[in-house]
1. How big is D, in µm² s⁻¹, for the chain by Stokes-Einstein at 10 °C and 1.306 mPa s if Rh is the Kirkwood radius over C-alpha pairs?
2. Going by a ≥ b ≥ c, the root eigenvalues of the Cα gyration tensor, does the range 76-134 fall in the rounded group (a/c under 1.5), the prolate group (a/b larger than b/c) or the oblate group?
3. Decide, for the range 101-160, between rounded, prolate and oblate: order the square roots of the alpha carbon gyration tensor eigenvalues as a ≥ b ≥ c, take rounded if a/c falls under 1.5, and otherwise choose prolate if a/b is larger than b/c, else oblate.
4. To the nearest 0.05, how large is the calculated FRET efficiency for residue 18 and residue 148 if R₀ is 22 Å and r is the Cβ-Cβ distance?
5. Based on the mean of other Cβ atoms within 10 Å per residue, sort peptides 108-114, 23-29, 51-57 so the most packed one is first.
6. Short version: ³J(HN,Hα) in whole Hz for each residue of the range 123-134, in order, from phi by Karplus 6.51 cos²θ - 1.76 cosθ + 1.60 (θ = phi - 60°), x for Gly and Pro, what are they?
7. Find the centroid of the Cα atoms in the range 117-160 and in the range 48-116, then give the distance between the two in whole Å.
8. For helix 2-11, report the angle its Cα long axis makes with the longest principal axis of the Cα atoms of the chain; keep it between 0 and 90° and round to the nearest 10°.
Amino acid sequence: MALALAAASLVGCTTSKAIRTSIEIAASPAEVYAVLADFERYPEWNPYHIRVSGEPVEGADLAVRVSRPDGKVVDVPHVTILKAVPGQALHWGGGIPGIFQGEHRFDLAETTPGTTLLSHDEDFEGLFIGFADLPVPVLTQGYDEMNRALKRWVEEGRQG
């Protein structure tokens, strides 16, 4: 890893990028998680992750299709569920450590009874992150759009 960081500094590239978003949703963490874990219904409400194929079980493989706000559609194959705790967290990610790796996280916390804070984040790390097409402002906009769509979907009760 030290060699990768030294090489990255020599060529002047970034070795990490982070996206941080959050939103409060008037529903329990269990209700929000149920929608996040129902990948088959993503096309009905999710403007960013327009398709996720696989099961929300730790160790399961996923294929993800993203529709970015800048018009690019990106397929992300070979993603693995890293954490799936109903009512608390759903994380997925993949890549090669030290070279190019990403972890996408949905973390849920009850702020008051019946209200959930969704933290929707992603970290990218590795030697080649600086060369990847990962415009943080565009991705952040996409995450914010997804968060608002999830809030509407859950609060209007359409998930049932």
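The values are calculated or read from the model by the stated rules, or taken from the named source; none is laboratory data. Because the structure is a prediction, the values reported are computed rather than measured. Using ideal geometry, Cβ is built from the backbone for each residue, glycine included, and neighbour counts are taken over all protein chains shown. Just the protein is used for accessible areas: all its heavy atoms, side chains included, with ligands, DNA and RNA removed. Shrake-Rupley method; radii C 1.70, N 1.55, O 1.52, S 1.80 Å.
1. Working: Rh = 16.3 Å.
Answer, rounded: 97 µm²/s.
2. Values: a/c = 3.71, a/b = 2.28, b/c = 1.62.
Here the range 76-134 falls in the prolate category.
3. Working: a/c = 3.41, a/b = 2.10, b/c = 1.62.
Here the range 101-160 falls in the prolate category.
4. On the way: r = 21 Å, r/R0 = 0.93.
Here the calculated transfer efficiency is 0.60.
5. On the way: 108-114: 12.9, 23-29: 18.6, 51-57: 15.4.
The densest-packed peptide leads the list: 23-29, 51-57, 108-114.
6. For the range 123-134, the Karplus-derived couplings read 10, 10, 9, x, 4, 9, 4, x, 9, 7, 7, 10 Hz, x marking Gly and Pro.
7. So the separation of the two Cα centres works out to 9 Å.
8. Once rounded, the angle reads 80 degrees.
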